[in-house]
Amino acid sequence: MFRFQLAEMYLRAAHPAEAKCHLEQFVADAQTGPTALQSHLVTAHIKLREIAISTRDRFGESFHRGVGLVLLVREQDGDPKRDEGFCEEMLCKALRALTEAKDQRPGDSRVRMYLAEVHERTGNRHGAGAERAAARADVVSGELTAKERLPLLLRE
């Protein structure tokens, strides 16, 4: 949580590069951390998207928007009052944002991994498999966090 708070301080001081660094590390740590940290992942991706917008980083804007939307859907997974219409809408928006990110960086394994999840959730197993295969081809590049890398190494 320290990195998240530090990033907010850097944002208030108009130091987006430093804030981005701490937010990215927070995301990597929170993915494997306690649930209390994971609940802040959507907010972290919102802040990363805002930084991308302010620095004219079109890839970052699309990527963090897509990931944030996927995370919103994941949050609904355990809710007994899950709103299927909301989830479908969020998945469609995530698919569009992540496809835009993929168009800008076709070889980015993180984009491919999240696209695979969106395709899987929307019932497109072929699309999910193709994206997973593309992500797996670059699984050792260092772009993926440990949590993101694990499903690619375990799946066939």
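Would it be correct to say that Ser54 is among the polar types (S, T, N, Q), buried (at least 21 other Cβ atoms within 10 Å of the Cβ) and touching a residue at least 12 places away in the same chain (Cβ under 8 Å)? Before the answer, list the steps.
Values: among the polar types (S, T, N, Q): yes; buried (at least 21 other Cβ atoms within 10 Å of the Cβ): no; touching a residue at least 12 places away in the same chain (Cβ under 8 Å): yes.
Spelling it out, it is not the case that Ser54 is among the polar types (S, T, N, Q), buried (at least 21 other Cβ atoms within 10 Å of the Cβ) and touching a residue at least 12 places away in the same chain (Cβ under 8 Å).
Annotation: of all residues in the stretch 117-156 being under 29 Å from Pro34 (Cβ atoms) and polar (S, T, N, Q), the one that is modelled with the highest pLDDT is Thr145.
Could you go through the stretch 66-73 and let me know if any residue there is part of a helix (DSSP H, G or I), without any contact (Cβ under 8 Å) to a residue 24 or more places away in the chain, crowded, with 16+ Cβ neighbours inside 10 Å and touching a helix residue (DSSP H, G or I) at 6+ places or on another chain (Cβ under 9 Å). No, that holds for no residue.
Do we have Glu88 as under 16 Å from the mean Cα position of the chain (by Cα) and at negative phi here? In short, no. With respect to the conditions (1) surrounded by fewer than 19 Cβ atoms within 10 Å (Cβ to Cβ); (2) hydrophobic (A, V, I, L, M, F, W, C); (3) in contact with a helix residue (DSSP H, G or I) (Cβ under 8 Å, 6 or more places away or on another chain), Cys92 falls short on a single one, namely (3).
For the stretch 4-29, enumerate the residues that are among the aliphatic types (A, V, I, L, M) and buried (at least 19 other Cβ atoms within 10 Å of the Cβ).
Filtering the stretch 4-29 for residues among the aliphatic types (A, V, I, L, M) gives 6-7, 9, 11, 13-14, 17, 19, 23, 27-28.
Residues satisfying the conditions are Ala7, Leu11, Ala19, Leu23, Val27.
The values are calculated or read from the model by the stated rules, or taken from the named source; none is laboratory data. Note that this is a predicted model, so its numbers are computed, not measured. FYI the Cβ positions are ideal-geometry reconstructions off the backbone, even for glycines, and counts take in every protein chain you see.
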